[in-house]
Amino acid sequence: MTPASASPPLAVRSLALFGGTFDPVHRGHLAAARAARDRFGLDAVHFVVAGRPPHKSALPLSPYPHRCAMVALACAGQTRLSLSLAEAGPDFSGSATSYSIDLVRAHRKRLSRSAHLYFLVGADAFLEIGKWRESEALLDSCDFIVVSRPGFRLEALRAAVPARLLAAGAAARRSSARGTLRLRNSTVFVVSSVCVDVSSTDIRNRVARGLSIRSLVPRAVEDYICKQALYH
Ligand code: ATP
Ligand code: MG
């Protein structure tokens, strides 16, 4: 096996990259991925488990192999949803800091020119996009699918985009009214049908307090957390 930059071509016409720490993966992540897959008829949604994301560098994180194992269990049997090891790094440790812009560039090289590449994020993550590495290049480099998340106002998304990247004119204003933001080189599509009030932080806290997480994660993930004694 090889890291993404040295990986073989990807034979899909449409792919969404869904990055996260997934510590652990939960039903909100699956709902977001399925909603994007179904609305855009995606050939694949890749759950890209982050090695060490810059915004969480000071927080304790479960070992990369555990987070990957849980994503693999959650995606098993889910049509066109799969684990990606693109951020595993050359030694597969997932210990390097990783940036979304590098991920998108590496995938562009693996896709045919006509393939459609999307970046899938929750509303909370998109609101921070201005702080991401090379955020303007990232926003220029692919279309975004932003899914709703309880507690976040989708109207705020426009304010998260640097003004010079927003397309001007009546057509752009019309699409904005329809929940689509036209940028100078890309489009931000908003999917507002997802409403699953769960976070990995809640799950870690519940496990630590001995509370059930049955309704929050797939059964196989719950079993894994219990057998590996994670989050105690
Ligand atoms: P944590 O509480 O540790 O930050 P999280 O639940 O936010 O965990 P992440 O791994 O940080 O999960 O998120 C990965 C991606 O999934 C982000 O784009 C985030 O916005 C999105 N996401 C997470 N939970 C939900 C949810 N319930 N509904 C929609 N999107 C979600
Ligand atoms: Mg989060």
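The values are calculated or read from the model by the stated rules, or taken from the named source; none is laboratory data. Note that the coordinates shown come from a computational prediction; the quantities given were computed from them, not determined experimentally. Here the Cβ positions follow ideal geometry from the backbone for every residue, glycine too, while neighbour counts run over all protein chains shown. Accessible surface areas use protein heavy atoms only, side chains included; no ligands, DNA or RNA. Shrake-Rupley method; radii C 1.70, N 1.55, O 1.52, S 1.80 Å.
For the reader, a short list of remarks on this structure follows.
- Hey, A76 open to solvent by less than 40 Å² (accessible area, probe 1.4 Å), at pLDDT 95 or above and farther than 21 Å from F189 by Cβ or not: no
- Test: residue in segment 158-179 that is assigned to a helix (DSSP H, G or I), open to solvent by 30 Å² or more (accessible area, probe 1.4 Å), within 16 Å of ligand 2 (Cβ to nearest atom) and touching a Phe, Trp or Tyr at 6+ places or on another chain (Cβ under 9 Å): no
- Here E134 meets each of (1) in contact with a helix residue (DSSP H, G or I) (Cβ under 6 Å, 6 or more places away or on another chain); (2) within 14 Å of ligand 1 (Cβ to nearest atom); (3) modelled with pLDDT of 95 or more with one exception, condition (2).
- Tally, over segment 104-134, of residues that are away from ligand 2 (no atom under 16 Å from the Cβ) and assigned to a loop (DSSP other than H, G, I, E, B): 7
- Qualifying residue in segment 32-54 (condition: buried (at least 23 other Cβ atoms within 10 Å of the Cβ), at pLDDT 95 or above and farther than 22 Å from R108 by Cα): yes
- Looking across segment 138-164, the residues that are more than 16 Å from T187 (Cβ to Cβ), free of Cβ contacts under 8 Å to residues at least 60 places away in the same chain and not polar (S, T, N, Q) come down to P150, G151, F152, R153, E155, A156, A159, A163, R164.
- Contacts under 7 angstrom Cβ, first residue in segment 210-232 being farther than 24 Å from A32 by Cβ, partner open to solvent by 50 Å² or more (accessible area, probe 1.4 Å), 6 or more apart: H232/A208
- Residue check, E155 of a type in the set (D, E) and open to solvent by less than 40 Å² (accessible area, probe 1.4 Å): no
- Cβ separations smaller than 6 Å between residues 6+ apart or across chains give the following pairs from segment 1-20 residues that are modelled with pLDDT of 95 or more to residues that are acidic (D, E): V12/D43; R13/D43; S14/D43.
- Total residues in segment 11-67 satisfying the condition of being within 14 Å of ligand 1 (Cβ to nearest atom), over 24 Å from T79 (Cβ atoms) and either aromatic (F, W, Y) or in a helix (DSSP H, G or I) (or both): the figure is 5.
- Residue ID - least open to solvent (accessible area, probe 1.4 Å), chosen from residues in segment 180-232 that are of a type in the set (D, E) and within 16 Å of ligand 1 (Cβ to nearest atom): E222
- Of the residues making up segment 69-88, those that are touching a residue at least 12 places away in the same chain (Cβ under 8 Å) and of a type outside the set (A, V, I, L, M, F, W, C) are Q78, T79, R80, S82, S84, E87.
- Just one of the listed residues (L120, L103, L85) is more than 13 Å from the chain's Cα centre (by Cα) and of a type in the set (A, V, I, L, M), and it is L85.
- When G94 is tested against (1) touching a residue at least 60 places away in the same chain (Cβ under 8 Å); (2) buried (at least 20 other Cβ atoms within 10 Å of the Cβ); (3) outside any helix (DSSP H, G or I), only condition (1) is not met.
- Every residue from segment 182-232 that is within 30 Å of R158 (Cβ to Cβ) and part of a loop (DSSP other than H, G, I, E, B): R184, N185, S186, S192, S193, V194, C195, V196, D197, V198, S199
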